[in-house]
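The values are calculated or read from the model by the stated rules, or taken from the named source; none is laboratory data. Because the structure is a prediction, the values reported are computed rather than measured. Cβ coordinates were reconstructed from backbone atoms using ideal geometry, including for glycine residues, and neighbour counts include every protein chain displayed. What goes into the accessible areas is simple: the full protein's heavy atoms, side chains included, and nothing from ligands, DNA or RNA. Shrake-Rupley method; radii C 1.70, N 1.55, O 1.52, S 1.80 Å.
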Amino acid sequence: MKVLVINAGSSSLKYQLIDMATEKAIAKGGCERIGLPGSFLKHKANGKEVTIESAMPDHTAAIELTLKTLVDENHGAIKSMDEIDAVGHRVLHSGGEYDRSVLINDEVMKVCENNIELAPLHQPANIKGILACKAVMPNVPMVATFDNAFHATMPEKAYIFGLPYEFYTKYRVRRYGAHGTSHRFVSSEAAKYLGVNPEEGFKVITCHLGNGSSIAAVKDGKCFDTSMSFTPLGGVPMGTRTGDLDPAILEYLAGKLNVDIKELVRICNKESGVSGVSGVSSDFRDLTNASKQGNHRAQLALDIFNYSCKKFVGSYAAAMGGVDCIVFTAGIGEHDEAVRKAIATDLEYMGVSIDLEKNGNPTDGICDITGEGSRVKVLIIPTNEELVIARDTAELASSVK
Ligand code: ADP
């Protein structure tokens, strides 16, 4: 079975064609600048990469070009479109409606549309991606994997804010979280690796640390709490995002800067986090280099990030009544040894220690960096959201064939 995984953004569309027999991508790529002048597609298959410049006025044109490229006799990966058995779509927001992936039908499309106001930047693009695929492949089963579905199992106490309750019932203001597919994948991979049944009391804290970062507490295989909030702006400070912030600061700054709330939220999203603190970059490699050259604010930004992550780890261990495993994943979690060290050291009181040698030279794939005598396992697990979407899609598509 071959599954096409689609991740549609406002002006981009990333894809992977996954052969489920091997669970490997046989082609991957993305269309960029959709609806803008100078649009192009980058495509990788058979060990070769090509860039194709072509006008893509909308997402349907992007899907058409993607499919044409996938069957191209020179750089394609399949002979005919009929080889695509199902399509899995990454969709940002289910508004807490679904706790798992679902086959797309009219009702699911309605849920997607009802949640546009909760994810105005991404959800319309996700819907466009689905509609574009339906137009070109009307008879192929399609599945939606919602980015926050894994967090739908949080208890009320973790997702209701200290606001008037009607703001939740009337306006749906609550914690939704993000990166759910990644937290679900790495927490279940951790259980598999350790040979434990996740549903039998397994408590894991998953640290998805990338350009956007979130931490989740996963108990009995279900999300118990997560750091991202109503939107992906909450939680730990990130590349350019503030993380949690006292809302009174916004009123204070609106007066000082003479700007409106929209502009302030833009600043909180785009000009804050480690980039805002350091004035250097949102990329942790740049910050590490700058810090080595004595840049105090670069080191301060790293310290703030590490400190905030450590606090979430400690609070989630308290919330779950302990922790059996801590997982690091995503760009920073998988590659930045200093961040892992800063978060996981001095936690001996919680039964956590890491092996600094292994942490500094991790092997590819799942890497156990647990220190000697540590009660809590510490693992690096490469995330693979596309594979989760492909697995869910294959399973649901098989059920209708
Ligand atoms: P996104 O949220 O965009 O998916 P990623 O998970 O790809 O982000 O993470 C991107 C971040 O990972 C970069 O901003 C960079 O800070 C960090 N990163 C990637 N590789 C390394 C590395 N070798 N060392 C330190 N940080 C890295």
Using helices alone, what [θ] at 222 nm do you get for the chain, with -39,500 (n - 2.57) per DSSP H run of 4 or more residues, divided over all residues and rounded to the nearest 500?
-> -11500 deg cm²/dmol
When DSSP beta bridges are limited to those with both residues in the chain, what percentage is antiparallel, rounded to the nearest 5?
-> 70 percent
Mind checking the full-extension length gain between residue 252 and residue 285? Use 0.36 nm per residue of separation minus the Cα-Cα distance, one decimal, nm.
-> 8.5 nm
What share of all Cα pairs of the range 32-97, in percent, falls into each consecutive 10 Å distance bin?
-> 18, 42, 30, 9, 1
Scattering from the C-alpha atoms of the range 311-394 alone, worked out with Debye: what is log10 I(q)/I(0) at q = 0.12, 0.13, 0.16, 0.18 1/Å?
-> -0.38, -0.44, -0.63, -0.77
The farthest towards the positive end of the charge dipole of the chain, of the residues 354, 254, 151, given +1 on Cβ of Lys and Arg and -1 on Cβ of Asp and Glu, is 254
Could you state the number of Å between the C-alpha centres of the range 182-201 and the range 1-26?
-> 24 Å
Enumerate the lysines that residue 110 could reach by cross-link, defined here as Cα to Cα under 21 Å, with residues fewer than 8 away along the same chain left out.
-> 128, 134, 170
Which FRET efficiency, nearest 0.05, do residue 46 and residue 139 yield, Cβ-Cβ r, R0 30 Å?
-> 0.60
Averaged per residue, what accessible surface does the chain expose to a 1.4 Å probe, in Å²?
-> 47 Å²
Taking all protein chains as present, what is the carbon and sulfur share of the accessible area of the chain, in % to the nearest whole number, probe 1.4 Å?
-> 50 percent
Kindly state, to the nearest 0.05, the FRET efficiency for residue 24 paired with residue 361, given R0 = 22 Å and r defined as their beta-carbon distance.
-> 0.25
Share of Cα-Cα pairs in the chain lying beyond 30 Å, as whole percent = 45 percent
Restricting to lysines and to Cα separations under 25 Å from residue 219, and discarding same-chain partners fewer than 8 apart, the set is 157, 192, 203, 310, 311, 341, 377
Which of 47, 201, 30 moves the most in a Gaussian network model of the chain with Cα springs under 10 Å?
-> 47
Computed lengthening from residue 318 to residue 131, 0.36 nm per intervening residue step minus Cα-Cα distance | 62.9 nm
Solvent exposure ordering (accessible area, 1.4 Å, most first) of 168, 252, 316 = 252, 168, 316
May I ask you to compute the full-extension gain from residue 80 to residue 263, defined as 0.36 nm times their residue separation minus their alpha-carbon distance, rounded to one decimal in nm?
-> 61.1 nm
Mean-square fluctuation maximum in Gaussian network of the chain, Cα pairs under 10 Å, restricted to 274, 108, 204, hits 108
Can you tell me the Rg and the Dmax, both Å, for the Cα atoms in the range 32-176?
-> 18.5, 60
Could you state the orientation-averaged shadow area of the convex hull built on the Cα atoms of the range 218-350, in nm² to one decimal?
-> 9.3 nm²
Furthest towards positive pole of dipole, 327, 213, 397, structure part the chain, Cβ charges = 213
Cα shape, the range 238-315, gyration tensor, a/c 1.5 rule = oblate
Please give the net charge around residue 86, taking every other residue with its beta carbon less than 15 angstrom from that of residue 86, where Lys and Arg add +1 and Asp and Glu add -1.
-> -3
How far is the Cα center of the range 86-142 from the Cα center of the range 223-270, in Å?
-> 27 Å
Evaluate E = 1/(1 + (r/R0)^6) for residue 100 and residue 68, where r is the Cβ-Cβ distance and R0 equals 22 Å; express this FRET efficiency to the nearest 0.05.
-> 0.10
